[in-house]
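Shown next, in structure tokens, is the structure this report addresses.
What follows is calculated from the coordinates using simple rules that are stated; it is not laboratory data. Values in this document were obtained by computation on a predicted structure and should not be read as measured data. Cβ: placed from backbone, ideal geometry, glycine included. Neighbour counts: every protein chain shown.
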Amino acid sequence: MTDERARGIPVLVLLIPAALGAFGMAVLFARALFEIPVTASFFQTYPGMSQPWPGTPVGFPAWLSWTHFLNAFLMLFVVRSGLLIRSKRRPPAFVTRRAAGARRLGLHAWWHIVVDVLWALNGAVYLVLLVISGQWKRLIPADWDVIPNAVSAGLQYLAFEWPEHDGWVHYNALQLLMYGFTVFVAGPLAVVAGVRLSPIWPLRWSRPRGVLSDAFARAAHWWIAVYLIAFTVLHVTLVLTTGVLRNLNHMYAGRDDDTWIGAGVFAVSIVVSLVAFVLLGPRVQTRLAELARNDVRRMPPA
């Protein structure tokens, strides 16, 4: 064991129980707020549901289910390739586009760009359909009451007192803000930072410091990725703990009941994703790079 790893172990030994202790104290604090008359009235005034837009659509169309699945599917490969790039391991191959002045890319970087482009295209289709269908009304607040109601919903979640919600009709205030921020802010910013780091960004627009620098773009891209992963983990956790059958039916079966149809479709989507995750490894990625008419140089095994 290296000295650096040995020094890191005591930090984790202290950090994990400290984090669990802090979380436990936060839960107790949130639960106490329900018992104190002054603060308990806040939850009665702001139960967690904000005022919706007039004419907000009810239910989930099929295109939303498909774009939701493709988003999760592509994110698996975006995250894996991004972590491999960040590890700075030698890639199993290098890819160079057959064009004047093209930059040589490691296989992980090339694959990251490919799946990022597909992820961004899926997101663009999703955004256009949101606007056309009126589904955007689910994700943008209609009134300033969303702020106190989001605080209320957050404290209810923290106290394990799930706030009332009916995702088929309207999200609660905290869901609305989180989903809206993820769709309209975090996702587009991830794409912008990715474009800045990609080979298509003109060198004349680069700067050694500031928002157009490599360092700023890498930091922004990394922290947005951390946010998206954390959001996904929290989102899946709440889906599974706040009425899993109904929630899965909403998104995967387009129905508002407690049957097992949505859970079955979800299970199939997980199997498909895992099989693709295993099959689309470096060997297949290298072959795809060759089929796309790139010059590919395979590296000998380390």
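What does the C-alpha gyration tensor say about the overall shape of the range 138-282? Classify as rounded when a/c is under 1.5, otherwise prolate if a/b is larger than b/c, or oblate. In terms of gyration-tensor shape, oblate. To the nearest 10 degrees, how steeply does helix 261-279 sit against the main Cα axis of the chain, on a 0 to 90 scale? Result, in degrees: 20. The charge dipole of the range 46-298, taken about its Cα centre with unit charges on the Cβ of Lys, Arg, Asp and Glu (plus for the first two, minus for the last two), comes to roughly 2160 debye. Residues SER133, SER152 in ascending order of nearby Cβ atoms (within 10 Å, fewest first): SER133, SER152. Peptides 113-121, 158-166 ranked from most to least packed, by the mean per-residue count of other Cβ atoms within 10 Å: 113-121, 158-166. Over the chain, the reciprocal of the mean inverse Cα-Cα separation, the Kirkwood hydrodynamic radius, stands at 22.4 Å. Can you tell me the 0 to 90 degree angle between the C-alpha axis of helix 62-87 and the longest principal axis of the chain, rounded to 10? Relative to the chain, helix 62-87 is tipped by roughly 50 degrees. Relative to the dominant Cα principal axis of the chain, helix 107-133 is inclined by about 40°. A straight chain from ILE36 to ILE229 at 0.36 nm per residue would run longer than the Cα-Cα distance by 65.9 nm. Loop-resident trypsin sites (Lys or Arg not before Pro) (DSSP state other than H, G, I, E or B) in the range 70-139 with no more than 16 further Cβ atoms inside 10 Å of their Cβ: LYS88, ARG89, ARG98, ARG103. Where only DSSP H runs of four or more residues are counted, the chain gives -21500 deg cm²/dmol as its mean residue ellipticity at 222 nm, each run worth -39500 (n - 2.57).
Taking a ≥ b ≥ c as the square roots of the Cα gyration tensor eigenvalues, the range 32-187 comes out prolate, since a/c reaches at least 1.5 and a/b is larger than b/c.
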